[in-house]
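Asks: The structure that follows is given in the form of structure tokens.
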Amino acid sequence: MTFSDVVEAIKIMSAEEKQEIQLLLKQYLREERREEISENFKSAQVEEKKGSLKFSANINELRQLIEE
């Protein structure tokens, strides 16, 4: 099924079904974002254990770290 097929299928749904699709999509996006945050956290923990994380309270140093 292509994206266009999905869009066309949604077009012919009732308003109630469209609202349900909307709620499901929001839920799926939240779950994906939570998973992404979890993976980033796990990655940061590994970097911290390796000693490769860098911290600074100086805004100029932070900008430099971001650019690296």
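Asks: Quick test of your reading of the structure: Met13 fulfils all but one of (1) in a helix (DSSP H, G or I); (2) at pLDDT 95 or above; (3) not aromatic (Phe, Trp, Tyr). Name the failing condition by number.
Replies: Met13 satisfies all of (1) in a helix (DSSP H, G or I); (2) at pLDDT 95 or above; (3) not aromatic (Phe, Trp, Tyr) except (1).
Asks: So, one more: Taking Lys18, is it of a type in the set (D, E, K, R) and not in a helix (DSSP H, G or I)? Give the steps one after another, and end with the answer.
Replies: Details: of a type in the set (D, E, K, R): yes; not in a helix (DSSP H, G or I): no.
Against the criterion (of a type in the set (D, E, K, R) and not in a helix (DSSP H, G or I)), Lys18 does not qualify.
Asks: Taking Ala57 as meeting all but one of (1) assigned to a loop (DSSP other than H, G, I, E, B); (2) more than 24 Å from the chain's Cα centre (by Cα); (3) surrounded by 10 or more Cβ atoms within 10 Å (Cβ to Cβ); (4) modelled with pLDDT under 95, write down the number of the exception.
Replies: With (1) assigned to a loop (DSSP other than H, G, I, E, B); (2) more than 24 Å from the chain's Cα centre (by Cα); (3) surrounded by 10 or more Cβ atoms within 10 Å (Cβ to Cβ); (4) modelled with pLDDT under 95 applied to Ala57, the lone miss is (3).
Asks: Right, something else. Does any residue of the stretch 13-21 turn out to be loosely packed, with under 10 Cβ neighbours inside 10 Å and not hydroxyl-bearing (Ser, Thr, Tyr)? Show your work before the answer.
Replies: Keep residues of the stretch 13-21 that are loosely packed, with under 10 Cβ neighbours inside 10 Å, which gives 14-16.
Retained after the next criterion (residues that are not hydroxyl-bearing (Ser, Thr, Tyr)): 15-16.
Checked the stretch 13-21: at least one residue is loosely packed, with under 10 Cβ neighbours inside 10 Å and not hydroxyl-bearing (Ser, Thr, Tyr).
Asks: Can you tell me which residues in the stretch 21-54 are of a type in the set (Gly, Ala, Ser) and either touching a residue at least 12 places away in the same chain (Cβ under 8 Å) or outside any helix (DSSP H, G or I) (or both)?
Replies: Taking the stretch 21-54 first, the residues of a type in the set (Gly, Ala, Ser) are 38, 43-44, 51-52.
Hits for the stretch 21-54 are Gly51, Ser52.
Asks: Let me ask something else. Does at least one position in the stretch 42-52 carry a residue that is surrounded by fewer than 10 Cβ atoms within 10 Å (Cβ to Cβ), more than 30 Å from Leu65 (Cα to Cα) and small (Gly, Ala, Ser)?
Replies: The answer is no; no qualifying residue exists.
The values are calculated or read from the model by the stated rules, or taken from the named source; none is laboratory data. All values reported here derive from a predicted model rather than from experimental measurement. Cβ sites come from the backbone with ideal geometry, for glycine too, and all protein chains shown count toward neighbours.
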